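Here the structure comes first, spelled out in structure tokens, and everything after it is commentary.
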Amino acid sequence: MRRTPLRAHARHFTPFALITSVALLLTACGSGSNGPAGGGTAQAAAKSGQVPTEDVVSGVPKDEAAAKLLPPDVRNLTVAVSVGGTPPGTTYLDDGKTLTGQDVDFTQAVGKVLGIELNTEQASFEAILPALDSGKYDFGASNFGVTDERRKTIDFVTYINDGQGFATREDSELSEVTDLGQLCGLNVATGAGTTFEATLEENKHVCADAGEKAYTVQTYSETGALWSSLQQGRSDVVMSTINGLRYAVAHQEGVKFLNEFHRLDVGFAFKKGTKLAPAFQAAVNKLIEDGTYDRILKKWGTTGSAIARSEISPPELKD
């Protein structure tokens, strides 16, 4: 398949550092919701330089039935999170200490349901899953997509459905990416250690199969560097989470969301064979039943990512 060409990079873009600083000027805002096409509180906040700070977690009560599913003597757990993305991903409030984001809210809410104390540690995204096996962390909460490859070594407890999408500059002639062959010859920026990197690497052959130059996969550990590469013309396309792309694009001039590419369930990640999974599954289902789940999604404008029930390590979703 022939790739879609890009126009010359003549436009100047706002540095991501400035965009990020605007995003961290936080004030409370009202809730709203939209379907998968976007909108809702988070994106409305993005356009006005605000991030939702409504407290939807502190009042969540302990559920004895769910708590009884925990292994004996579990009173506190260590959770690893990757910080540095744009909402609904995990970032800091303007005090520079308090973490916020959709994964943070879900993690804290589950902790409340189970009546346990959570110790939060920061780690790079690509380091979290390997560290689970060593016992360094009890679980990870950083929008980990459930894939069949990951399920070989990791157990998951699902809590949302997100997935893979694309964004690019407004001067690009790309309107959507439905086949990775459309990326041949382009530079594609994505996060290190992610399902996006794996998908891109596994499918590079599509370009050779079509007799075209392969696309180049550029990986970044920092979200700011990823977007800067796009804005400055070092990358042509960004592949990342659907919800994260929608939010980031809403903050920036000169970039556009292209399309959803592949939906994935997202879950808390655990060492394979964990005994914590049944309790976490029950906790997520309790949040769904009591309405807390919907309040979290509405807060972050991600109601299109709702699931009906939590599952333990379900098979990867196939298009």
Seminar exercise, completed: Of (1) within 22 Å of residue 230 (Cβ to Cβ); (2) part of a loop (DSSP other than H, G, I, E, B); (3) among the polar types (S, T, N, Q), residue 147 fails just (1)
Seminar exercise, completed: Here the residues within the stretch 95-123 that are among the acidic types (Asp, Glu) and surrounded by 14 or more Cβ atoms within 10 Å (Cβ to Cβ) are 103, 105
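Quick grid of which residues meet (1) of a type in the set (A, V, I, L, M); (2) touching an Asp or Glu at 6+ places or on another chain (Cβ under 8 Å); (3) within 17 Å of residue 124 (Cα to Cα); (4) not assigned by TED's automatic domain parsing to the domain that holds residue 178:
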| site | (1), (2), (3), (4) |
| --- | --- |
| 190 | no, yes, yes, no |
| 197 | no, no, yes, no |
| 208 | yes, no, no, no |
| 213 | no, no, no, no |
| 229 | no, no, no, no |
| 241 | no, yes, yes, no |
Seminar exercise, completed: Wholly inside the stretch 150-223, strands (runs of 3 or more DSSP E) that include 2 or more residues that are touching a helix residue (DSSP H, G or I) at 6+ places or on another chain (Cβ under 9 Å), at pLDDT 95 or above and under 30 Å from residue 295 (Cβ atoms) are 154-169
For this session: Give the stretch 94-118 a look and list any residue that's hydrophobic (A, V, I, L, M, F, W, C) and part of a strand (DSSP E or B), or say none.
Result: 99, 118
Exercise. Among 283, 248, which is at pLDDT below 90, under 21 Å from residue 104 (Cα atoms), aliphatic (A, V, I, L, M) and crowded, with 18+ Cβ neighbours inside 10 Å?
Worked result: 248
For this session: Considering only residues that are not hydrophobic (A, V, I, L, M, F, W, C) and not in a loop (DSSP other than H, G, I, E, B), look in the stretch 289-302 and name the one that is surrounded by the fewest Cβ atoms within 10 Å (Cβ to Cβ).
Result: 289
Exercise. For residue 195, are the conditions met, namely being free of Cβ contacts under 8 Å to residues at least 60 places away in the same chain and over 21 Å from residue 51 (Cβ atoms)?
Worked result: no
For this session: Inspect the stretch 200-215 for any residue being basic (Lys, Arg) and either free of Cβ contacts under 8 Å to residues at least 12 places away in the same chain or out of contact with any strand residue (DSSP E or B) (no Cβ under 7 Å at 6 or more places or on another chain) (or both) and give the result as yes or no.
Result: yes
For this session: Go through the stretch 118-130 and count every residue that is over 19 Å from the mean Cα position of the chain (by Cα) and aliphatic (A, V, I, L, M).
Result: 1
Exercise. Just checking, how many residues over the stretch 246-288 are more than 21 Å from the chain's Cα centre (by Cα), among the small types (Gly, Ala, Ser) and part of a helix (DSSP H, G or I)?
Worked result: 2
Exercise. Looking at (1) among the aliphatic types (A, V, I, L, M); (2) closer than 26 Å to residue 299 by Cβ; (3) without any contact (Cβ under 8 Å) to a residue 40 or more places away in the chain, which is the only condition residue 180 fails?
Worked result: (2)
For this session: Please work out which residue is surrounded by the fewest Cβ atoms within 10 Å (Cβ to Cβ), limiting yourself to the stretch 161-175 and to residues that are out of contact with any Asp or Glu (no Cβ under 8 Å at 6 or more places or on another chain) and under 30 Å from residue 314 (Cα atoms).
Result: 162
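The values are calculated or read from the model by the stated rules, or taken from the named source; none is laboratory data. None of these values were measured; they are calculated from a predicted model. Quick reminder, even Gly has a Cβ in these numbers, built from the backbone with ideal geometry, and neighbours come from all protein chains shown.
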